[in-house]
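See below for the structure under consideration.
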Amino acid sequence: MTISLKSALLRTSAVVSAAAFAATTVAADEITYVSGATGAAIENFAALVAPWEEATGHTVTIVPMPSSTTDQFGQYRLWLAAGNGDIDMYQTDVIWAPQLADHFVDMSEVAGELMTTHFPSIVESQTVDGRLVALPIFTDAPALYYRTDLLEKHGYDAPPSTWEELTEMAQAIQDAERAEGNNDLWGFVWQGNSYEGLTCDALEWVKSSGGGQIIEPDGTISINNPNAIAALELAATWPGTISPEGVLAYQEEEARGVWQTGNAVFMRNWPYAYGLGNGDDSAVKGLFAVTTLPTGQGHDTSAATLGGWNVAVSKYSDSQEAAISLAMYLAGPEAQKQRAINESNLPTIMSLYDDADIAAAQPIIPQWKDVFLQAVPRPSAPTRQDYNEVSTLFFTAVHSVISGEESAADALADLEVDLEDLLDK
Ligand code: GLC
């Protein structure tokens, strides 16, 4: 298969709008696209790709996958290892590129010009040994969501700036509200399930408490230290007090469910929850604001884990040319703008942060540019092929601490040994 005509045309077109894809197609392909189901992404997909389908004559079927990125990764790795040709495109997490690179088509040449409009660090994260294995469609950096009405009612004029303050405020507001009969209200909801999302949350507690980033960019295993232990000890007090016991099984969508029905004072979640929280069916519409996550007491730098999603084309697809064209469209300004407006996803195209329509529809987006630019990456670059195992060891250790099975000191001492074994240090 060759990518000649279309790629030549695309290289000459700086603006990748659906119209740029027109009249380059000979036969109609049916593209199968797999994606995790979080928020409204699946239901909005048909409208998102309709202009591309119309311009090219190709069609796309989206196959919804579990919301958990850990579960998606496990399934995709099996399919790809088996050389599955039924799936043309994968929506991929920012952390997966080094581990799945061999199974994906290199798009560096086709997408070279488009990529100059994206933040270079994100393009870099999807580049493995010089091959651009996935094109960015949105980036992610979490927020602390808080109920402006409840803070005001209970006499607070600002959201908490430390985790300790958050703990106290959440408890005080929860107690006062329950005394008034608001029995379903919880102080703080977050992602406590044993999966990749807990790696993100716990990295934030640890990093913002001066405890490093699990494995440093130079490969040093740093997680077993007093600041990290203290951060986990505080988090371990939350389930059953300011957070429901069930938080130990929560992913993003469970936290959003509690929040959006009006039953939480604070929530840690990604920007997708912003637009949905302001939807007509949301009990918290107009009653909340976002700020950066707190810091550990005595530390002044907040930490947001860098997330984000991309599209990759399978090497085993028979429709690579059409799939690459769709990847270009989804990573381009038209689709990213639509996703920003409809799903409050953060664009990876720099100029969209100055777009007036986006700012009007989703004020969190321009407000969040600096937060994402300073976001902390998970250690997928220094651990490459081992990242999934590293993260699994980390979130399993953290889960044993927050569920009260193990002390933070023991869990992190054991984790350090396990990481040394795994990474052969
Ligand atoms: C969000 C992030 C992704 C992360 C996941 C964890 O989807 O964008 O990078 O791995 O949450 O649950």
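Between rounded, prolate and oblate, where does the stretch 268-329 land on the alpha carbon gyration tensor, with a ≥ b ≥ c its root eigenvalues, rounded for a/c under 1.5, else prolate if a/b exceeds b/c? Oblate is the answer for the stretch 268-329, as a/c is 1.5 or above yet b/c matches or exceeds a/b.
Measuring from centroid to centroid over Cα atoms, what is the spacing of the stretch 325-386 and the stretch 97-141 in Å? Each part reduced to its Cα centre gives a spacing of 14 Å.
Dividing the convex hull volume of the alpha carbon atoms of the chain by its residue count gives 132 Å³ per residue. Amide H contacts for Ile137 (H built 1.01 Å from N in the peptide plane; partners 5 or more residues away or on another chain; cut-off under 5 Å): Trp309, Asn310, Val311. Full extension of the chain between Glu180 and Thr59 gives 38.1 nm of extra length, using 0.36 nm per residue less the Cα-Cα distance. Rg ratio for the stretch 243-383: its Cα radius of gyration over 2.2 N^0.38 Å, N being its residue count, equals 1.21. All C-alpha pair distances within the stretch 156-307, sorted into 5 Å bins from zero, spread as 2, 9, 18, 22, 22, 14, 7, 3, 1, 0, 0 percent across the bins.
Cβ-Cβ distance of Glu216 and Asp370, R₀ of 25 Å, FRET efficiency by 1/(1 + (r/R0)^6): the value works out to about 0.60. Principal semi-axes of the equivalent ellipsoid, √(5λ) from the alpha carbon gyration tensor of the stretch 37-182, are 41, 19, 17 Å from largest down. These residues, Ser222, Ser391, go from largest to smallest accessible area, 1.4 Å probe, as Ser222, Ser391.
Shape annotation for the stretch 237-276: C-alpha extents along the principal axes are 30, 17, 14 Å, from largest to smallest.
Distance distribution note for the stretch 122-241: the fraction of Cα pairs above 19 angstrom is 61%. Multiply the residue separation of Ala381 and Asn44 by 0.36 nm, subtract the distance between their alpha-carbon atoms, and state the gained length in nm to one decimal. That works out to 118.1 nm of additional length. If you sort the three axes of the alpha carbon gyration tensor as a ≥ b ≥ c, you get a/c of 1.5 or more for the stretch 108-188 and a/b above b/c, which makes it prolate. Using the Cβ-Cβ distance between Asp418 and Asp102 with R0 set to 22 Å, the FRET efficiency works out to roughly 0.25.
Taking a point 7 Å out from the Cα of Glu30 in the direction of its Cβ, the residues of the stretch 39-61 whose backbone N falls within less than 16 Å of it are 57-61.
In this structure, the amide hydrogen of Thr295, modeled 1.01 Å from its nitrogen in the peptide plane, lies closer than 5 angstrom to those of Thr162, Trp163, counting only residues at least 5 positions away or on a different chain. In this structure the chain gives 38 Å² per residue of accessible area when probed at 1.4 Å with all protein chains present.
Legend: calculated FRET efficiency, Glu165 to Asp318, from the Cβ-Cβ distance at R0 = 51 Å, rounded to 0.05, equals 0.35.
With the simple spin-label model, which puts each label point 7 Å out from Cα in the Cβ direction, the Asp149 to Lys425 separation comes to 4.9 nm.
Packing, taken as the mean count of other beta carbons within 10 Å per residue, orders the peptides 238-246, 88-96, 103-111 from highest to lowest as 88-96, 103-111, 238-246. Taking θ as phi - 60° and the Karplus parameters 6.51, -1.76 and 1.60, the scalar couplings of the stretch 239-249 work out to x, x, 10, 8, 10, x, 3, x, 4, 5, 10 Hz in sequence order, x denoting glycine and proline. Over every pair of different alpha-carbon atoms in the stretch 177-260, take the mean of 1/r and invert it; report that Kirkwood radius in Å. One decimal place: 14.0 Å for the Kirkwood radius. In plain terms, the C-alpha convex hull of the stretch 363-425 casts an average shadow of 6.1 nm² when viewed from every direction.
Quick check on the stretch 298-374: take the gyration tensor over C-alpha atoms, sort the square-rooted eigenvalues as a ≥ b ≥ c, and tell me if it's rounded (a/c under 1.5), prolate or oblate. It comes out oblate by the Cα gyration axes.
Think of it as helices only: each DSSP H run of n ≥ 4 in the chain is worth -39500 (n - 2.57), and spread over all residues that comes to -13000 deg cm²/dmol at 222 nm. Less than 5 angstrom separates the built amide H of Asp29 from those of His58, Thr59, all sequence-distant by 5 or more or on a different chain.
The values are calculated or read from the model by the stated rules, or taken from the named source; none is laboratory data. Keep in mind that what you see is a predicted model, and the values were worked out from it rather than measured. Note: ideal-geometry Cβ built from the backbone for every residue, glycine included; neighbour counts use all protein chains shown. Accessible surface is based on the protein model in full, side chains and every heavy atom, while ligands, DNA and RNA are left aside. Shrake-Rupley method; radii C 1.70, N 1.55, O 1.52, S 1.80 Å.
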